[in-house]
Amino acid sequence: MKRSRKHNDTKPHAARSKRGGSAGTPPVPPADGPAVDDGPGRMTPVALPAAFVARTRQELGDPEALALCEALEGTPPVCIRLNPAKWPRTAASTPEAEMSGRTAASEADRPDTVHAALSGSRGATPSSCGPASAEPDATSRPAGERDTAEQGAAGRPETGQNATEQNSSGRPETEQNATEQNSSGRPETEQNATEQNSSGRPETEQNATEQNSSGRPAEVRRVAGEPVAGRIPWSAEGLYLAERPSFTCDPAFHAGAYYVQEASSQFVGHLLRGAGALGARILDLCAAPGGKTTLYASLVGPDGLVVANEIDRRRARVLADNVRKWGTGNTVVTSNEPAQLARFENRFDIVAVDAPCSGEGMFRKDPQARAEWSEGSVRLCAARQAEILRAAWAALRPGGTLVYSTCTFNRTEDEGVLEELLGWAADEVVESEPIPTDPSWGIVCGRVGAFRTFRFYPHRTQGEGFFAATARKAPRTGAAIRAPKPQRQPFNPAGREARQELERWVAAPADYRFAEVAGCYYGYRAAQFEEVKALAGTLAVLYSGVAMGALYDGKLKPDPALAFHTGLDRRALPVAELSHDEAVQYLRKGDLRAEAFAEGTNLVCAGGFALGFAKRIGNRVNNLYPNSLRILKGGA
Ligand code: SAM
């Protein structure tokens, strides 16, 4: 990681500052928080920007500002969100349960306990997979080199062109913050196997599978070997871990069984509980790397649709990888400017803007965020946010719900941009349903006109700095739903024979439509097929539905994405359950012993979670895990 150039007004506050400070000295703790790597063995702490501290004192008052600044020097909690379609639920009526498209057979093959996320309880030790501190992203290949199918805008596979690099807050690169992409610009997720018993089912003894009254998933005791420290109270699938494990060494992570997502961000799911998300069409305008996209994909259920747009093509490819792994098959990944989405007027039930911002909420976990912050970037971000919100509002249908969020504390980018929206859309903005919160969560609730707002401060809430707001667009009869004229139609409907073969691979074939795009067949839930086609006529679609694979002599050669799909019928092929260490070897694209596999193509699983495919020919096993996803570092 390189230290970024500093902008005039970002001069870090001198380390002299001490708690309480004398007159004129802001009361901030010394800079012993996040540090930038200054070369081998040298980590230089980056202090909180002085202008940030001064503004915080002014806005919050000294005691509160001190508490916030102190919290920003602490260690952030480690959080994950389970993929409900890959975990057992006892409440069959939940959208998540439906999402899995289960049949009795496919259900039986799914892990019925949480052992897998659960994995590490046995196998995921640092010694078996490199250093525990290894960041997941650092050990996998960067997105860009794809060997899974990608849909191009014109139906052609995408090539490897890159757009601008960005950091985790999505802060736009500017002259003063051009930095090498580091862990913060990579997806928050990245994934992981588990020991199994002789039946090929996950171990159960240490896992209670009872569901509690809130409809939460079964109890999970460990994730990637790390004990679960508690549940995130506003997120049914959210968990705090006691320490940060090596996610890279956890096959369940690589299987899309959970997403590494900080707690406050998961609140957007809570915001939408009353907004009729089941079956909804959600536009996620600023979507990479996909934390909220995957959450929305679980919320809307199988017949809903998430259009996940990311302006930056390179980040959009990472987003597409995470969408493939999540496996719900109800997401379209596009890479367009928000204005191009705005041409789909009055179209979406919910529009979410998780805006690129100055990233003050990341000051605790990302030293680069401190180094790159400036008052200029706050202004720049606010202008961009206002522009994105205009596009979002146009795409939102009357009666629909807008969700606006940032990971920054300043009013300019939070309440300020909402005030600006109210300036031109005033009469059209109405209140959303009340959002219940518990005082013990520590969220600061407020209002900006009809918007309900929610502030997350790390000294009050167990999560990172975050701001979220929601309101609805007033219902209006006769509002025209407009869409741009399609310029192309990349989808070729699958013929009868193709359909017959493809239907064999999904558990609920009657719910699917299949189409061929550039030699690869894709599966779509019938309810959203026409909508996806309409979007693909104009937008740059990188991925949609589920990539099924290519047909050779009428037989499907499955695409790696099909392994992750929650609607896959596991009766279509033999299932090879691997031990934790074998699974890691598979994820490294290493050699595998033939005895674990049946002749021909196998679904490779660990802890019951599907990782990909492998083909046995006699004594040889072809490891079909995509090069682009393989684990690069960490020796067994
Ligand atoms: N929602 C994502 C998640 O939960 O994983 C994080 C989104 S991040 C905060 C903001 C995203 O906005 C970045 O991926 C960034 O590339 C994108 N972005 C930057 N400039 C943009 C613009 N002008 N319009 C739309 N999106 C933009």
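Of all the listed residues (275, 229, 236), the sole one being at pLDDT 95 or above and more than 16 Å from the ligand (Cβ to nearest atom) is 229. When residue 605 is tested against (1) assigned to a loop (DSSP other than H, G, I, E, B); (2) modelled with pLDDT of 95 or more, just one condition goes unmet, and that condition is (1).
Contact map, the stretch 277-304: residues that are of a type in the set (S, T, N, Q) paired with residues that are near the ligand (Cβ under 7 Å from one of its atoms), Cβ distance under 6 Å, separation 6+ or inter-chain. Pairs shown: 293/284; 293/287. Restricting attention to the stretch 240-296, the residues that are under 17 Å from the mean Cα position of the chain (by Cα) and under 21 Å from residue 532 (Cβ atoms) add up to 14. Within the stretch 502-546, the residues that satisfy the criterion of being under 13 Å from residue 330 (Cβ atoms) and hydroxyl-bearing (Ser, Thr, Tyr) are 512, 522, 524, 543, 544.
Residue 290 passes every criterion in (1) of a type outside the set (Lys, Arg); (2) out of contact with any Leu (no Cβ under 6 Å at 6 or more places or on another chain); (3) within 16 Å of the ligand (Cβ to nearest atom); (4) within 25 Å of residue 364 (Cα to Cα) apart from (2). If you go through the stretch 293-310 and keep only what is within 9 Å of the ligand (Cβ to nearest atom) and in a helix (DSSP H, G or I), you end up with 293, 294, 295. Taking every residue in the stretch 259-270 that is more than 11 Å from the ligand (Cβ to nearest atom) and pairing it with any residue that is among the β-branched types (Val, Ile, Thr) and not in a loop (DSSP other than H, G, I, E, B), at least 6 positions away or on another chain, yields no pair with a Cβ-Cβ distance below 7 Å. Residues in the stretch 446-466 that are out of contact with any strand residue (DSSP E or B) (no Cβ under 6 Å at 6 or more places or on another chain) and not in a loop (DSSP other than H, G, I, E, B) were compared, and the one that is least open to solvent (accessible area, probe 1.4 Å) is 448.
Taking the residues in the stretch 311-323 that are open to solvent by 10 Å² or more (accessible area, probe 1.4 Å) and either touching a Ser or Thr at 6+ places or on another chain (Cβ under 6 Å) or in a loop (DSSP other than H, G, I, E, B) (or both) as candidates, determine which candidate is farthest from residue 264 (Cα to Cα).
313
Among the conditions (1) open to solvent by less than 10 Å² (accessible area, probe 1.4 Å); (2) within 14 Å of the ligand (Cβ to nearest atom), the only one that residue 280 does not satisfy is (2).
Residue by residue through the stretch 246-275, note down the ones that are part of a loop (DSSP other than H, G, I, E, B) and either touching a Ser or Thr at 6+ places or on another chain (Cβ under 8 Å) or open to solvent by less than 10 Å² (accessible area, probe 1.4 Å) (or both). Selection gives 246, 250, 255, 256, 257, 260, 261, 263, 272, 274, 275.
The values are calculated or read from the model by the stated rules, or taken from the named source; none is laboratory data. The model shown is predicted, which means the values in this text are computed figures rather than measured ones. Glycine gets a Cβ as well: all are built from the backbone with ideal geometry, and neighbour counts include every protein chain shown. Calculation scope for accessible area: heavy atoms of the full protein, side chains included, ligands and nucleic acids excluded. Shrake-Rupley method; radii C 1.70, N 1.55, O 1.52, S 1.80 Å.
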